[in-house]
Every structure is written in structure tokens, then in C-alpha cells.
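The values are calculated or read from the model by the stated rules, or taken from the named source; none is laboratory data. As the structure is a computational prediction, the values presented were derived from the model and not from experiment. Note: ideal-geometry Cβ built from the backbone for every residue, glycine included; neighbour counts use all protein chains shown.
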Amino acid sequence: MLPVLNLRTADADPAEFRRRLLDATHTVGFFYLTGHGVPQTAIDRILRVAREFFALPQSAKDEISMLNSPQFRGYTRLGGELTNGAVDWREQVDLGPDLPVIEGAEGYWNLQGPNQWPSAQPEFREALYRWDDRLAEVGRRLLAHWATALGAPDDVFDAAFRDRPATLIKVVRYPGSDETPQGVGAHKDSGVLTLLLVEPGSAGLQVEAADGSWIDAPPLDGAFIVNIGELLEFATDGYLRATRHRVLAPAPGTDRLSIPYFFNPSLDAQIPTLTLPDHLAADARGIEDDPANPIYGTYGENAWKSRTRAHPDVAAKHHGIVPAGDASAY
Ligand SMILES: O=C(O)CCC(=O)C(=O)O
Ligand SMILES: [Fe+2]
């Protein structure tokens, strides 16, 4: 079982919380977070709103198809996303900060723009904005603890998040299937940290252990599943581990609902590389050197890599590009 950390305990004993935080994210790279302050009523609401969205007629979902969006926002039908070049068996909505399109944008600046909102479900927009506010607060608190635990000032990451942070939220449903085992293929998340909400009873998430075996990570009621992304691996020269994970398609007759929240800095933010204290530096493994999945220190570069690979139809239609490699998701 993954470690369980209670954020409330950080008030009384921050040193112990930080010790456990470092340990969890140096070793397995994943943990359950309780005591995060997000009320159960908010969790229940966002899961209900997600369920109601997926229950809409296909035409109401396709109204906000990602194919309409050069910024990779909106709804992707079953089978419309790839990881490692293979189809992911999930439908999902991708959301980010609602900002104006940059005319004549190059590369990753094409990720800035508006969301698409379903006209059939006005509550979706309001509920997602509210969720963003609440989870950004949890993300900020965790990052300050990581910073201190890593021997840096507690605000070392703040500048990267100050101006237009490029948060990504996904609302995802994996229908049961006996045809394909890939709900989402094995990948590292491309940002800083991920707060994953999973509907109780939804199985399927697996986390890669250091020896290459896969550990089941079932949901824990009221807890977020937290993992770090490639940018924290980058910032710590591999002391913290962006762990590969995947979702197996649920059994026929069941489904899985999840809402991953990717707490990411501004597109052009260069994530600071920390000078670790000697005892931590001695255990830094370096940044994983995978020619199929280069890890960039600028969030936008990393995001552009993963968005164009996961949605080659959008990349081709709006940007005329063919992704260079097929590894990784986002
Ligand atoms: O749906 C899940 O539980 C995890 C999904 C995931 O890893 C991702 O979208 O990056
Ligand atoms: Fe992921």
C-alpha cells in the first residue's frame, strides 16, 4: 500500500510531515493525502458533476470536442487519445486557465486560450472553477513543504507559479472493456505535481515500483492520490521520482471515474534547479535519460511534447505537426 500522509499533522509537527513527504516521493513517488482541507461536500459535488457530464448524449459532449480547439481543450471521445502510440480507452474533458489566445503564437504558447464549456450543463463550469481554487491551495501548501524539506526557501517555486500558472484539469471516465487492457498507458506526468481524485470503488491505477513491478493504487475514501511530475524530478536532479503509472481498463460492466489535477507553473517558467544539501544530493539519481521522452525544465516545452503526442489529430489539424516520438502522455 502507498504511504498515507495527513496534511493536518503538518501544523503541529512540520518537520515530521516533511520527513515523510520526502521519503514517500524519493522512494515510491506516490502517496495518499488526507487532512487536505477540501470538504467532503466539494468532493461529492465534483464527482456528481462529472458523472452528469458523461451521462449527457454523445452530441452534447461532442459539442465541445477537442478537435475544435488549437489549445487542446475540450472533450475527447473514447479512443481519441494515445499514450506510447497506443489508444487509451477513456473519454475525458481537458481544462485549463481561461485566457485569451495569443495571435501568431509559436510552439507551446499555442496552449494558452479558452476552455470549451458544455451548454447542456451550466453547472460544469462553475464547479470546475471552484475545484481549481481549492486544489491550487492544496498544491501551494505541499510545494512549500517540499521546498523546505529539500533545504530551499519555502517560496522557491512561487515565482514559477505567479504569472498565469498553466494548471491542467482532466475529468475522465474509463468504461469497462474486455477488448483492451490500456485505460491509459504507462507514463510520467509532465508537470510539477498531480492531485488525483478517484471515485470510491474505481480500481485500475497502478504505480511502477523501483524493481519494475506494478503496485495497485485503489482509491482511499476522502484522500487524494498525489504524485510528482517530471519538473520536480528535474528540479531535484532525480532525488524526487516522477513515477510511471498506468490505468488498466475496468472490467466489463463497471467503469472508473477520476479527476486528475495537474498543478503546473506558467508555460515559460523555468523550474529552479535546487542545490540539495549534501545528504540528499548523495542520493540524487539524476534525471532519467530516455531518448524517447526528453524532460525539459521549462513547463511549456514539456507540456507541448506531451499534448502533441497524446492528441496527434489536434496537433496535425491545427498546427500541421507530426509528433516526433510516441512515448509518454503528458
Ligand atoms: O485516471 C487516473 O486515475 C489516472 C490518470 C492519469 O494518470 C493521467 O491522466 O495522467
Ligand atoms: Fe498520470
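What the table shows:
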| read-out | value |
| --- | --- |
| Any hit, segment 224-245, residues being touching a strand residue (DSSP E or B) at 6+ places or on another chain (Cβ under 8 Å) and more than 16 Å from ligand 2 (Cβ to nearest atom) | no |
| Total residues in segment 200-217, condition more than 9 Å from ligand 1 (Cβ to nearest atom), crowded, with 18+ Cβ neighbours inside 10 Å and in contact (Cβ under 8 Å) with a residue 40 or more places away in the chain | 2 |
| Search result, residues across segment 180-213 that are within 14 Å of ligand 2 (Cβ to nearest atom), under 25 Å from Gly79 (Cα atoms) and of a type in the set (A, V, I, L, M, F, W, C) | Val184, Ala186, Leu195, Leu196, Leu197, Val198, Leu205, Val207 |
| From the options Leu150, Leu220, Leu196, residue that is touching a residue at least 40 places away in the same chain (Cβ under 8 Å) and near ligand 1 (Cβ under 10 Å from one of its atoms) | Leu196 |
| Any hit, segment 182-192, residues being of a type in the set (D, E, K, R), within 16 Å of ligand 1 (Cβ to nearest atom), under 19 Å from the mean Cα position of the chain (by Cα) and in a strand (DSSP E or B) | no |
| Boolean, Ser177 is among the small types (Gly, Ala, Ser), more than 16 Å from ligand 2 (Cβ to nearest atom) and outside any strand (DSSP E or B) | yes |
| Conditions (1) within 16 Å of ligand 2 (Cβ to nearest atom); (2) over 21 Å from Ala160 (Cα atoms); (3) in a loop (DSSP other than H, G, I, E, B): number failed by Ser258 | (3) |
| Any hit, segment 141-148, residues being among the hydroxyl-bearing types (Ser, Thr, Tyr), surrounded by 14 or more Cβ atoms within 10 Å (Cβ to Cβ) and within 19 Å of the chain's Cα centre (by Cα) | no |
| Only listed residue being among the small types (Gly, Ala, Ser), closer than 19 Å to Ile259 by Cβ and at pLDDT below 95, chosen from Gly80, Gly85, Gly74, Gly96 | Gly80 |
| Number of positions in segment 86-139 that are within 16 Å of ligand 2 (Cβ to nearest atom) and exposed (fewer than 15 other Cβ atoms within 10 Å of the Cβ) | 1 |
| Count of residues meeting criterion [closer than 16 Å to Thr194 by Cα and not hydrophobic (A, V, I, L, M, F, W, C)] in segment 4-35 | 5 |
